Structure formats: structure tokens, C-alpha cells
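**Q** Could you have a look at this structure, given as C-alpha cells, before my questions?
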Amino acid sequence: MSLKAILQYIQPAHQVPTTFWSAETPLTLKPKPVTSLFLIIGLWIFGTGDAFLIAAGVGNTPWTVLAEGIAINIDWSVGQATFLVSVLVLFLWIPLREKPGIGTILNVILIAAAIEIMVPLLPPTPTDQRLALLQAFGGVILIGIGSGLYLTANLGPGPRDGWMTGLQQKTGWPIARVRISIEITVLILGMALGGTFGWGTIMFAIGIGPVVAMCLGVASHWSK
């Protein structure tokens, strides 16, 4: 396959495509086996990407900065604190009247589990800064791939995404403003608690949007 063909194949998508594995409705209680499979694989890859960033030691995603800060202060692991943060965010759905799907619940469980299991299995933080940044870049790629898979499964948003869209509907603010406001707030709070901010955080902030868009673009080739 030529470079031109590859670039055309990974053309970024502007919306989440409907694929052969996508659920007909986000709130279904009986998803197709293939839908559940893509969801589970996507969430595990997402959590593994988060684990790559944590192990790289050069900065986490904003929400993981918060989880790490909480973990430091209550003597928990980052995986356990990630689960706690997800559950607390779900409680914030109540006044917004958002409804979780199967994907929402599995998001809470599987991403935290992947972090908990994968971080100890990964090599120690590289002493070479270049290797650490390369590992963080790999983490961003994995998070983007995982996002593309679980979003196209269409079984409900993650706790953070659902809270973001719920706030947008209540406030009428542009979704970008709501997202930026939330992520800056949790990042500052996480840093104050001792979470790791660095080049990995910046790399994630800049790169995650394009990576997810390209992964969704690849998924669109399997549209219904």
C-alpha cells in the first residue's frame, strides 16, 4: 500500500461513525456479542495507554493527574483512585439527569482495572528522557485507539464525557469551552495534590484529538 493510500485510509473523521459492531441504541441492555467485544477491547487498550503514561513518569492525562494526586494523599494505587474518581463523577450525573449505559459502567471498571494491572507489568520509568517521551507518545496512541473502539461501540459515554455533555446541555456553553474548563480544573487540583504534570500531559492535550479523529476515520471504513 502506497503512502498516499495509507494517508487516505486514516483520514480524520468529523463524527463518530456507525460501524457493524455499533449498538443500535446506547442504553440497550442486550448488546450484540461483537459490540461488547469491541467495547471491552477498547476500554482495556485505553487503560493500558493511561498505564504507559503513568509508567513513563513525564506527565499524565489531566484526570490521571487528579487520580494520582488523590492516590498519593490516601495511600491508594492510581488504579484504585481512578475507580474512585469515576464513581464520584457518576454521582455528578444525577442533577444533570444523565443515564448511564453498559459502556459507562464498564468504563469505570475496566479502565481502572487496566491501570491497576498494567502499571506494575511495565518497565520502570526510563532514565533516558527521550525514551520516556517515546513511551508517553505510545500511551497517547493507545488511548486514541481505545477511544475510537469504545466510542464506536455506542454503549454509553464514559463518566467524564457524560458529565461534560450534560453540563453543556445545562449551560448552553460550547462543548469545547466546557471540556477545557473541566480539564484545566481537574489538572490544577491534581497538581495541587501532587499528581505528575509534564511533557506527557502536554503531548496528550495536543495529540489526543487528532489521534482519536484518525482512529474514527479508520473505523468508518467498516460502516454499516
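**Q** Any chance you could check the Cα centroid distance between the range 146-224 and the range 33-82 for me, in angstrom?
**A** 14
**Q** Is there a quick way to get the dipole size of the range 58-147? I mean about its Cα centre, with the Cβ of Lys and Arg at +1 and of Asp and Glu at -1; what is the value in debye to the nearest 20?
**A** 260
**Q** Let me ask something else. At ILE94 and TRP173, where each label point lies 7 Å from the Cα along Cα→Cβ, what is the point-to-point distance in nanometres?
**A** 2.3
**Q** How big is the dipole moment of the chain about its Cα centre under a simple scheme where the beta carbon of each Lys and Arg is +1, that of each Asp and Glu is -1, and everything else is neutral? Debye, nearest 20, please.
**A** It works out to roughly 660 debye.
**Q** Determine ³J(HN,Hα), in whole Hz, for all residues of the range 16-28 in sequence, where each value follows from phi through the Karplus function 6.51 cos²θ - 1.76 cosθ + 1.60 and θ = phi - 60°; x replaces Gly and Pro.
**A** 6, x, 9, 10, 5, 9, 5, 6, 5, 9, x, 9, 4
**Q** Let me ask something additional. Can you compute the FRET efficiency between THR28 and THR125 using 1/(1 + (r/R0)^6), with r the Cβ-Cβ distance and R0 = 25 Å? Round to the nearest 0.05.
**A** 0.05
**Q** Can I ask one more? What full-extension length gain, to one decimal in nm, is calculated for ILE72 and VAL87 as 0.36 nm per residue of separation minus the Cα-Cα distance?
**A** So the chain would gain 3.6 nm between ILE72 and VAL87.
**Q** Skipping prolines and chain starts, which residues have an amide H placed within reach, meaning under 5 Å, of the one on THR19, given they are 5 or more residues away or on another chain?
**A** The list, which skips near neighbours in sequence, is LYS224.
**Q** To continue, here is another question. If each residue of separation counts as 0.36 nm, what is the full-extension length gain between ILE206 and HIS14 once their alpha-carbon separation is subtracted?
**A** 67.4 nm
**Q** Quick check on the chain: helices-only [θ] at 222 nm, where DSSP H runs of length 4 and up contribute -39,500 (n - 2.57) each and the sum goes over total residues. Nearest 500, please.
**A** -23500 deg cm²/dmol
**Q** Subtract the Cα-Cα distance of TRP199 and THR165 from 0.36 nm times their separation in residues, and report this length gain in nm to one decimal.
**A** 9.5 nm is the gain from fully extending TRP199 to THR165.
Readers should treat all values here as calculations from the given coordinates under stated rules, not as data from a laboratory. The shown structure was predicted, so the numbers you read here are calculated from the model rather than taken from an experiment. Here Cβ is always computed from backbone atoms with ideal geometry, including for glycine, and neighbour counts include all displayed protein chains.
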